[in-house]
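The values are calculated or read from the model by the stated rules, or taken from the named source; none is laboratory data. Computed from a predicted model, the values in this text were never measured in an experiment. Neighbour counts run over all protein chains shown; Cβ positions are idealised from the backbone, glycine included.
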Amino acid sequence: MRTTLDLPEDLLEKAMSLSQIKTKTQVITLALQEMIRKAEISDLKKFKGKIDLDIDLDALRNRH
C-alpha cells in the first residue's frame, strides 16, 4: 500500500542507523511489527498466574 507520510527525518535516520536497515520502508515495517509484538506480549501478561497448567517439567525434560 502506498502512503505519504510526514516523518521527522532525524528520527527516521536514527532508527535506520540503529537497526542497520537501508530503506525507509523496511525500518517503518520493522517498527510496526515491533509495536504489534509488544502489544501482544502485554496482552499475554494479563494471564500470568491465572491459568493452571498441569505440566510435569521433569517429564518434559526427560528426567525420570
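When the residues of region 6-34 are narrowed to those that are more than 15 Å from the chain's Cα centre (by Cα) and among the charged types (D, E, K, R), which ends up surrounded by the fewest Cβ atoms within 10 Å (Cβ to Cβ)? Only one residue tops the list, namely Asp6. Among the numbered conditions (1) surrounded by fewer than 10 Cβ atoms within 10 Å (Cβ to Cβ); (2) more than 25 Å from Asp6 (Cβ to Cβ), the only one that Arg37 does not meet is (1). For region 26-57, the set of residues classified as modelled with pLDDT under 85 and either of a type in the set (Asp, Glu) or on the phi > 0 side of the Ramachandran plot (or both) consists of Gly49, Asp52, Asp54, Asp56, listed by residue number.
Among the conditions (1) assigned to a helix (DSSP H, G or I); (2) modelled with pLDDT of 95 or more; (3) not acidic (Asp, Glu), the only one that Ile21 does not satisfy is (1).
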